[in-house]
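As structure tokens, the structure follows; a few thoughts come after it.
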Amino acid sequence: MAKIEKNVPTMEKEPELLNVLEVDGVPLPVLSKEWWDKICNFQAKPDDLILATYPKSGTHWMQEILDMIQNNGDVEKCKTDHSLHRHPFLELKFPHKEKPDLEIALEMSSPRLIKTHLPSHLIPPSIWKENCKIVYVARNPKDCLVSYYHFHRMASFLPDLQNLEEFYEKFILGKVLYGSWFDHVKGWWAAKDTHRILYLFYEDIKK
């Protein structure tokens, strides 16, 4: 059973910010403990494709690549809706969207492409049980850190940290959303030995 703590000191909730729930020591942007239970009980399908990344590791880029592959290169099919609606995040509820992404995922027809930033040990059990295909993208931590910092400054639903030095300290200590980059990439690297995971590196894709 995952250990859950609300009101994480490092990520105090403000009216316009994402709510933060600490699960097994990992700060997650989850609405509530009850909503986390729904995420854990998510029922995956055998033909689901899961895109897993640590934040700011090329998620949107890889999502578009996978979407093109699933649609046999048909650009018009890939333009049917905004990417945030076509391929929801498993655990997120964006302030500007009417309903949580989990609900959007549950309403989707197969085959579904679903994104997540969750570390491997917090992935819903049904994803492993159904042996879903998973694509994981890892990015150089230095580039990831800088991109994550600027994303914090840009996104109104995230805390605006004072400076890069402050964010660096939190990043190294795993006190940012989704926790430690090091634990995240190592956890998914270990999982690839026993599950259907294509483990890619951002820098290799860019070449």
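Taken together, the values in this text are just the output of simple stated rules run on the coordinates, not laboratory data. All of these numbers come straight from a predicted model, not from anything done at the bench. Here the Cβ positions follow ideal geometry from the backbone for every residue, glycine too, while neighbour counts run over all protein chains shown.
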Separation of the PHE151 and HIS60 label points, Cα + 7 Å toward Cβ, nm: 1.0
Ordering of 121-127, 163-169 by burial proxy (mean other Cβ atoms within 10 Å per residue, highest first): 121-127, 163-169
Cα centroid of segment 192-207 to Cα centroid of segment 32-61, whole Å: 17
Relative contact order of segment 148-207, defined on C-alpha pairs under 8 angstrom at six or more residues apart (%): 14
13 Å beta-carbon shell around ASN163, net charge (K/R +1, D/E -1): -2
